[in-house]
Amino acid sequence: MKKYIAIIFSAVMMLMSSCNDYIDVLPKGMRIPTTLQDFEALMRNEYSANYLACAQAPYLLNDKFVGTNACRNQDNLTTCHYMWKEDRDRTLLNASTEDVFDNGYGIIGVMNTIIENAPGATDATDAEKNEVLAYAYAVRAFVLFQIVNYYADAYDPVKADATPGVPLIYSANLNAPWHQGSVKEVYDQILSDFNKSIELGVPEKAMTAVQPDRGAVEAGLARVYLSMREYDKALAHAEAALDRNSRLFDWNDFYAQYKDRVDNPDDYNKITSPMDHVNVENFWFCSGNGNPNYPCSDIDIPEERRAMFEPGDVRALCRWKKYQSQADVYYRGMLTGYYNLSGIATPEVYLIKAECQVRKGNITDGLETLDTVRKTRLAPDSYTPSAASDEGEAIAKIRRAKADELINSIYPFIDAKRLNAEGKYTVTITKTFDDKAYTLSPTSHLWTMVFPANAINRPGNGTLTQNSK
């Protein structure tokens, strides 16, 4: 299946300013969008509008396993990040395309197409049009948040206005002008899009799992305000989201169902993932690895990463099993199916709420919120209530839970960047490989990813400069 491509930088557009200028890149059998159903259907094509990868972020965190041979002998972007090669010029390694950029701006192009053209759609009421537009603004905001936190430095209230950000594209028209906004300007646009979605009346219940409803928008605003260090607003939006959906999936029930297979060290047959479109935790479902049209296997993780999970974590027990392949020992992913890695779900929102409570001096309340999630992840005989002597210890516990919860998504990476930029609770990662110690410092330039060459070399009607090296 072809993608819908609407990336100004690649000069391939789905829709011009009129139907006569339409470029035929739609999958065979699809009509030129004219009705509201046509535009709404664009949003539900998961491979085109609901697949947002996180690419190199898990490798930098060493959350995703890379074999010993690759670490020693390969010179590519993955190994550069996994081995923290600060002396390597990543612009030479990221020499073609990259899913974060191409898929991200592809989704933005689809949303721009809807925003520009759906108001003129036929056979629909204004309320029906506004619903689809509300979805489009919300999705654009979610995607832009991920892109800016991948390719630009983390939001710093003091520096954000002068920190180079990412392209801001408001049109799906070929050769439409665009500019590279500052980090503050990009965040302002994200907030504007989320608020526009609310203004348009984003419904309490979306048409499908891949369209964000009001709870998803509230959760998205909580995520953004946390990154901006505006804890009062983040807390208010987190609570508004949880008022709409506070359900958690109990991994103890899942473990009980598959206990014989999970506990058998020789059984490597895959189990169907419960983290799919219909999981009760979902606010908005967006795929983040593999092909969203087909089931994908869970990731493989290093031994060291598996050891970081809290003892008694039955979720980790169900998802990974120790495996040896030649010289490598790692934990093989044991689930297969669909994963909401780039959308948003209740556990993250609980943990945003927990951090905001702690930041506001309510450590006890924050830890109780944290424990609401932990109880559904830990075996009953392993669970004890969280305790912390100060704010820093409490935040460390929340960050650990969040990193485990959102592993293989971009959000542990975004959290680490956020804490590093704040400077109060920085994240330093260490490891030993071939008897040599390696460290990724909080100030490393590797925390900001480089734009791929296709974006730099074919920028269309704008200018794009690198934010890192």
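Report ³J(HN,Hα) in whole Hz for each residue of the stretch 228-234, in order, from the Karplus equation J = 6.51 cos²θ - 1.76 cosθ + 1.60 where θ = phi - 60°; Gly and Pro get x.
Values, residue by residue: 8, 6, 9, 6, 4, 5, 4 Hz.
Give me, ordered by chain and number, the residues 5 or more places off W320 or on other chains with an amide H under 5 Å from its own placed amide H.
For W320, the qualifying residues are M334.
Apply 1/(1 + (r/R0)^6) to the Cβ-Cβ distance of M308 and D253, taking R0 = 22 Å, and write down the FRET efficiency to the nearest 0.05.
After rounding, the FRET efficiency stands at 0.35.
Would you tally the net charge around D300, using a Cβ to Cβ cut-off of less than 15 Å, leaving D300 out, and scoring K and R as +1, D and E as -1?
+3
First compute the accessible area of the stretch 282-398 with a 1.4 Å probe, then give the percent of it belonging to carbon and sulfur atoms.
Accessible surface attributable to carbon and sulfur in the stretch 282-398 totals 47 percent.
Considering only protein heavy atoms, what per residue accessible area in square angstrom results for the stretch 185-308 with a 1.4 angstrom probe?
For the stretch 185-308, the per-residue accessible area is 44 Å².
How far, in degrees from 0 to 90, does helix 251-263 lean away from the longest principal axis of the Cα atoms of the chain, to the nearest 10?
Between helix and principal axis, roughly 60 degrees.
Over the Cα atoms of the stretch 371-468, what radius of gyration and what Dmax do you get, in Å?
When restricted to Cα atoms, the stretch 371-468 yields Rg and Dmax of 18.6, 60 Å.
Just the Cα atoms of the stretch 323-442: what Rg and Dmax do they give in Å?
Rg, Dmax (Cα atoms, Å): 16.5, 51.
Could you run the Karplus curve 6.51 cos²θ - 1.76 cosθ + 1.60 with θ = phi - 60° over the stretch 421-434 and give me ³J(HN,Hα) per residue in whole Hz, x for Gly and Pro?
3J(HN,Hα) across the stretch 421-434, in whole Hz: 5, 5, x, 8, 10, 5, 10, 10, 10, 10, 6, 10, 9, 6.
When the scattering of the stretch 161-319 is computed by the Debye formula from its Cα atoms alone, each counted once and equally, what is log10 I(q)/I(0) at q = 0.13, 0.14, 0.18 Å⁻¹?
Debye intensities relative to I(0), on a log10 scale: -0.89, -0.99, -1.25.
How would L235, L92, L370 line up by accessible area, probe 1.4 Å, largest first?
L92, L235, L370
So how do 150-158, 426-434, 317-325, 128-136 stack up, highest first, on mean other-Cβ count within 10 Å?
So the order, starting with the most tightly packed, is 128-136, 150-158, 317-325, 426-434.
Is there a quick way to get the dipole size of the chain? I mean about its Cα centre, with the Cβ of Lys and Arg at +1 and of Asp and Glu at -1; what is the value in debye to the nearest 20?
I would put it at about 700 debye.
Just to be sure I understand the model, the point goes 7 Å from the Cα along the line to the Cβ. What's the resulting D161 to Q74 distance in nm?
Distance between the two pseudo-spin positions: 4.5 nm.
Can you work out the FRET efficiency for the pair E239 and N291, with r the C-beta to C-beta distance and R0 = 30 Å, to the nearest 0.05?
So, using R0 = 30 Å, E works out to roughly 0.25.
For helix 183-199, what angle does its Cα long axis make with the longest principal axis of the chain, in degrees from 0 to 90 and rounded to 10?
70
What's the extension gain from Y438 to Y170 if we count 0.36 nm per residue and subtract their Cα-Cα distance?
Full extension of this stretch gives 92.2 nm more.
On a 1.4 Å probe surface of the protein chains, which of H445, H81 comes out largest in accessible area, and what is the full order?
Descending order: H445, H81.
Starting from the 7 Å offset along Cα-to-Cβ, what nm value, one decimal, do you get for the label separation of E86 and D266?
Rounded to a tenth, the inter-label distance reads 4.8 nm.
Hey, if you put +1 on the Cβ of every Lys and Arg and -1 on every Asp and Glu Cβ in the chain, which of Q189, Y425, F101 ends up farthest toward the positive end of that dipole?
F101
Given points 7 Å out from each Cα along the Cα-Cβ axis, report the R44 to A453 separation in nanometres with one decimal.
4.1
From the C-alpha gyration tensor of the stretch 63-160, pull out the three semi-axes of the equivalent ellipsoid (sqrt of 5λ each), sorted largest to smallest, in whole Å.
40, 16, 11
Can you bin every Cα-Cα distance in the stretch 301-348 into 5 Å intervals starting at zero and give me the percent of pairs per bin, rounded to whole numbers?
5, 17, 23, 23, 20, 8, 3, 1
Suppose the chain between S96 and E199 were pulled fully straight at 0.36 nm per residue; how much longer would it get relative to their current alpha carbon spacing?
33.1 nm
Heads up, I need the accessible area for M308: 1.4 angstrom probe, whole protein in place, Å², nearest 10.
For M308, the solvent-accessible surface is approximately 100 Å².
Quick one: angle between helix 99-117 and the longest Cα principal axis of the chain, in degrees between 0 and 90, rounded to 10, please.
Tilt of helix 99-117: around 40 degrees.
For Kirkwood radius over Cα pairs in Å, which listed value, (i) 34.4; (ii) 22.2; (iii) 22.9, comes from the coordinates shown?
Checked against the structure: label (iii).
The values are calculated or read from the model by the stated rules, or taken from the named source; none is laboratory data. Source: prediction; values computed, not measured. Ideal geometry is used to build each Cβ from the backbone, glycine not excepted, and the neighbour counts take in all protein chains shown. What goes into the accessible areas is simple: the full protein's heavy atoms, side chains included, and nothing from ligands, DNA or RNA. Shrake-Rupley method; radii C 1.70, N 1.55, O 1.52, S 1.80 Å.
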